[in-house]
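Below is one structure, written out as structure tokens, with a few remarks after it.
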There are 4 protein chains.
Amino acid sequence: MSNLRVTVWNEFRHEKENEFIGGLYPNGIHGAIAEGLREHGFEHVRTATLDEAEHGLTEEVLAETDVLTWWGHKAHGQVSDEIVARVQARVLQGMGLIVLHSGHASKIFQKLMGTTCMLRWREADERERLWVVAPGHPIAQGLDPYFELPEVEMYGEFFDIPQPEQLVFVSWFEGGNVFRSGCCFSRGNGKIFYFRPGHETYPIYFDANVRRVLANAVRWAAPVAGPEFPYYSANGRFPAINEKQSLEPIARKESKRARIG
Amino acid sequence: MSNLRVTVWNEFRHEKENEFIGGLYPNGIHGAIAEGLREHGFEHVRTATLDEAEHGLTEEVLAETDVLTWWGHKAHGQVSDEIVARVQARVLQGMGLIVLHSGHASKIFQKLMGTTCMLRWREADERERLWVVAPGHPIAQGLDPYFELPEVEMYGEFFDIPQPEQLVFVSWFEGGNVFRSGCCFSRGNGKIFYFRPGHETYPIYFDANVRRVLANAVRWAAPVAGPEFPYYSANGRFPAINEKQSLEPIARKESKRARIG
Amino acid sequence: MSNLRVTVWNEFRHEKENEFIGGLYPNGIHGAIAEGLREHGFEHVRTATLDEAEHGLTEEVLAETDVLTWWGHKAHGQVSDEIVARVQARVLQGMGLIVLHSGHASKIFQKLMGTTCMLRWREADERERLWVVAPGHPIAQGLDPYFELPEVEMYGEFFDIPQPEQLVFVSWFEGGNVFRSGCCFSRGNGKIFYFRPGHETYPIYFDANVRRVLANAVRWAAPVAGPEFPYYSANGRFPAINEKQSLEPIARKESKRARIG
Amino acid sequence: MSNLRVTVWNEFRHEKENEFIGGLYPNGIHGAIAEGLREHGFEHVRTATLDEAEHGLTEEVLAETDVLTWWGHKAHGQVSDEIVARVQARVLQGMGLIVLHSGHASKIFQKLMGTTCMLRWREADERERLWVVAPGHPIAQGLDPYFELPEVEMYGEFFDIPQPEQLVFVSWFEGGNVFRSGCCFSRGNGKIFYFRPGHETYPIYFDANVRRVLANAVRWAAPVAGPEFPYYSANGRFPAINEKQSLEPIARKESKRARIG
């Protein structure tokens, strides 16, 4: 069992607008992800979606969230910049963030990475095989050396992200491409995991290995009660800290700077 | 000699507004930096400043720039978002970027890092000693195991940046702080180096070791004529690439996806 | 409470040979470290020392060890190469390893790093201040932005280790040096943490912050039940794996290689 | 043109013992590699092989070598430990090392990595496609987004190496595997590049892209004249450095340590 408080965010448009996708994910992609986390012992899982007020990500919800998962695809541009800034601030303060599949192009991921996060893609029902390249990493818990997904949308290199701090998965695709499919980053006090699988037209979030990886990733991304993130103030600004008092004595010098004052 | 085309950017306000600082840097901070680069054999060094049209960073200037150095302090907010986006695009396409001292809080550095880039600071004329922790790195060329700056503004940890890809310098400060003072990153096809020294009230950019580091950093950050950055289009957008044709044959499957069409 | 099985290894010579040191560590350095771990809820802590049979590190002991801590100083050369190879094999299979202070020069650390692991040092009773540079890392749990040790042996850069995968602490020393004091590595399925504090002539392992870091580090280094380490065989060899059967069909080619057979 | 002094080392057994391989590489694998480097403007290329005195790697040869390339396969065990230690010392002092293909299992690579360096492999004449995942890295100079080798021996993950400092290539294999095929490391003052392609039964070292990568890698791995590697003494030992004199004054304390003396 886990006391971690998880919020599963979903754009939740495809499922309502396309009958086939709605049939694959009758409770929405968020419903399938939340179900998988509950199977793995997470007791405090809630969901939030784009069309709720403040996209379901109020200050209160985020304050009570240890790890946020993010799925979006066709409506990235409709996520308000204010909410994106709020999520970024919470990540810097320690909230974990799991970015899923087409979330690569979300505002929040681009903002935290500083790059385009773009890639090559192809919809051709091809096979993917995810190889574990960091077998001792907590996100590989319970996995075999690789696992397969029979039909997926392909994502291929070059994936325009900063070099991951740890690379956990590399994908092989039937059509001839490879991809860094499981990538760990840290930003401020927060941990971020990008996980590739998950197109809306395949039942990816019902797959046992995918669900296991998501559960592992949420545990890995849990906040750490270390030194508080020091650069966040009540008005949402990130100020530097003026350390007027030195920790050690500083010798008196003949500085010309004295003349400035 | 080097054919690299370097543009030295400076906010250029302190020097005009404060007599002491203007005396320290009679040709501006950009003038001192450019002079140092020329001493090290760079033949194509130009400068650009905030108050020029487009901050001196037109499309033409950036297109002809291999490496851009950036110094700003009190007017970060006056740099236009459009120019910042333009610089980011050029970095992703391969232009090197050297961010100096108080440039840690510039829009362009924050945008490329995805973090606040904030830190602790103190103005107390204290001594700094920069230790080389990556002696085989090209940016350490010609240096001793450490070098000193007699009087500086202190920058201290926690420095809110992503984990550097290589850490070249760690600073010791008289007042009791430490700092990751030389940090390498890559973003897209571009290389970025953050270098700590450089407050406007000290003659830092006349220091021989600092000048050597800047020359080394410019050489290290030079563009590489590798695979072209694939995600930049004429209208300034960063589109993903739809690889309709696979590189390898994909077996026909009984996919339910066929029903979507 | 933690079910992790920890073995605290100590050279255990100084304490027996020097009265002052024996007075500081009446139960040995291992005794002080083990006591600190028990305070932090570890129920399965045992100790092992150089002069025991097989240095106390039999196959059985290692098989029952999740995380091993290592302190040695004056007798590195007396650790048998066979035991070092045994410890390395267990690390690759997933056992965590915490290397302490003068353990930097141990055979096991040098073997796992591939470098000399040498450094500058000075015994001058100087003050050390350890700054957290990765506040979201599990090893920083419960810490303030920095902590101090009033009198220590100094270790200074350049520290000849591979670039750490995560850098958690950077030390400031009164005498003017800096040091990467908390360094994370992975090797095979195992995780390794090097932690600087700990000279035999100071009561470092009774310090509350040091004990907290050790407890955090042991938890972080715990084995992960991911894909089994595939290259270890019963006879202690590390063979590659011949994958005779491919996972995907390979097209018949006109290879000249056919002629070799 | 390049003044870098390159030594191309080859085991040189297969070519003499197997007619087919001897036909593919009439001047030996070393001959083909040296020819490729000369094509790319290296004027000072020499070769050395296992069966020469001291394997052709005397103190004099190594002292005059800026970058060493290493190919071995069936006789790793016949390389003397003394020569391996000599090569390691030179790498730590700054010599570049390019480890090729089956050199993954060489003593020198294992010693510098601290891991088994083992992997999965298959000889089935399958196609390999190497994708560039770091397009701004100097080793990607002149390359397209990927290049192909029509028939190769497969190497697959898990590749038991420390996490590379930069990952330049990821390979796709027809038979369903992936591999981190271009990996950068630093050790001491030296830079190391592992490059996967190169089995003796295929004409890999005549391939234009492979030759280009080798030339790029040699340039990247060139020694940097930074701070001298401080831990190597005339007798081949790696001593730590006792900094008796502090750089800054240390306050007199009431240390109990005084009692030791």
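The values are calculated or read from the model by the stated rules, or taken from the named source; none is laboratory data. Given the structure is predicted, the values throughout are model-derived calculations rather than measurements. Cβ atoms come from the backbone with ideal geometry, glycine included; neighbour counts cover every protein chain shown.
In summary, D:Met1 fulfils each of the numbered conditions (1) surrounded by fewer than 17 Cβ atoms within 10 Å (Cβ to Cβ); (2) among the hydrophobic types (A, V, I, L, M, F, W, C); (3) over 30 Å from D:Phe229 (Cα atoms) with the single exception of condition (3).
Restricting the first member to segment A:153-170 and to residues that are free of Cβ contacts under 8 Å to residues at least 24 places away in the same chain, and the second to residues that are part of a loop (DSSP other than H, G, I, E, B), the beta-carbon pairs closer than 6 Å and six or more apart or on different chains are A:Gln163/B:Glu165; A:Glu165/B:Gln163.
Take B:Thr69 and tell me if it is more than 12 Å from chain A (Cβ to nearest Cβ), among the polar types (S, T, N, Q) and part of a strand (DSSP E or B). In short, yes.
Scanning segment B:21-53 for residues that are out of contact with any Phe, Trp or Tyr (no Cβ under 8 Å at 6 or more places or on another chain), closer than 17 Å to B:Leu100 by Cβ and part of a loop (DSSP other than H, G, I, E, B) turns up B:Asn27, B:His40.
Which ones in segment C:148-161 are more than 7 Å from chain D (Cβ to nearest Cβ) and either closer than 25 Å to C:Ser106 by Cβ or modelled with pLDDT under 95 (or both)?
Once the filter is applied, which keeps residues that are more than 7 Å from chain D (Cβ to nearest Cβ) and either closer than 25 Å to C:Ser106 by Cβ or modelled with pLDDT under 95 (or both), segment C:148-161 yields C:Leu149, C:Val152, C:Glu153, C:Met154, C:Tyr155, C:Glu157, C:Phe159, C:Ile161.
Looking at this structure, is A:Phe193 under 15 Å from A:Asn216 (Cβ atoms), in contact (Cβ under 8 Å) with a residue 40 or more places away in the chain, hydrophobic (A, V, I, L, M, F, W, C) and in contact with a Cys (Cβ under 6 Å, 6 or more places away or on another chain)?
Working: under 15 Å from A:Asn216 (Cβ atoms): yes; in contact (Cβ under 8 Å) with a residue 40 or more places away in the chain: yes; hydrophobic (A, V, I, L, M, F, W, C): yes; in contact with a Cys (Cβ under 6 Å, 6 or more places away or on another chain): yes.
Yes.
Only a single item in (1) touching a Lys or Arg at 6+ places or on another chain (Cβ under 9 Å); (2) surrounded by fewer than 17 Cβ atoms within 10 Å (Cβ to Cβ); (3) under 25 Å from A:Asn189 (Cα atoms) is not met by A:Glu60, and it is number (1). State the number of residues belonging to segment C:23-41 that are surrounded by fewer than 22 Cβ atoms within 10 Å (Cβ to Cβ) and either away from chain D (no Cβ under 14 Å) or basic (Lys, Arg) (or both). Summing the residues that are surrounded by fewer than 22 Cβ atoms within 10 Å (Cβ to Cβ) and either away from chain D (no Cβ under 14 Å) or basic (Lys, Arg) (or both) in segment C:23-41 gives 8.
Name the single residue, out of those in segment A:78-131 being among the β-branched types (Val, Ile, Thr) and part of a loop (DSSP other than H, G, I, E, B), that is farthest from the other protein chains (Cβ to nearest Cβ).
Among them, the one singled out is A:Val79.
Given segment D:162-261, what strands (runs of 3 or more DSSP E) lie entirely inside it while holding 1 or more residues that are touching a helix residue (DSSP H, G or I) at 6+ places or on another chain (Cβ under 8 Å) and within 7 Å of chain C (Cβ to nearest Cβ)? Fully inside segment D:162-261 and qualifying: D:178-187.
A quick yes/no check of all residues on (1) among the basic types (Lys, Arg); (2) surrounded by 24 or more Cβ atoms within 10 Å (Cβ to Cβ):
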{"site": "D:Gln163", "(1), (2)": "no, no"}
{"site": "D:Phe169", "(1), (2)": "no, yes"}
{"site": "D:Asn177", "(1), (2)": "no, yes"}
{"site": "D:Gly190", "(1), (2)": "no, yes"}
{"site": "D:Pro203", "(1), (2)": "no, no"}
{"site": "D:Phe206", "(1), (2)": "no, no"}
{"site": "D:Arg211", "(1), (2)": "yes, no"}
{"site": "D:Arg219", "(1), (2)": "yes, no"}
{"site": "D:Ala225", "(1), (2)": "no, no"}
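For A:Ile250, the conditions (1) at positive phi; (2) modelled with pLDDT of 90 or more are fulfilled apart from (1). The set of residues in segment A:149-165 being within 19 Å of C:Glu165 (Cα to Cα) and touching a Ser or Thr at 6+ places or on another chain (Cβ under 8 Å) consists of A:Ile161, A:Pro162, A:Gln163, A:Glu165.
The set of residues in segment C:140-159 being of a type in the set (Ser, Thr, Tyr) and more than 30 Å from D:Phe229 (Cβ to Cβ) consists of C:Tyr146 alone. The condition of being in contact with a helix residue (DSSP H, G or I) (Cβ under 8 Å, 6 or more places away or on another chain) and outside any loop (DSSP other than H, G, I, E, B) does not hold for A:Gly142. Against the test of being farther than 26 Å from C:Glu200 by Cα, among the small types (Gly, Ala, Ser) and at pLDDT 95 or above, the options D:Ala234, D:Ala225, D:Ala221 yield a single qualifying residue, D:Ala221. Of everything in segment C:227-246 that is closer than 17 Å to D:Phe158 by Cβ and hydrophobic (A, V, I, L, M, F, W, C), the residue that is surrounded by the most Cβ atoms within 10 Å (Cβ to Cβ) is C:Phe229.
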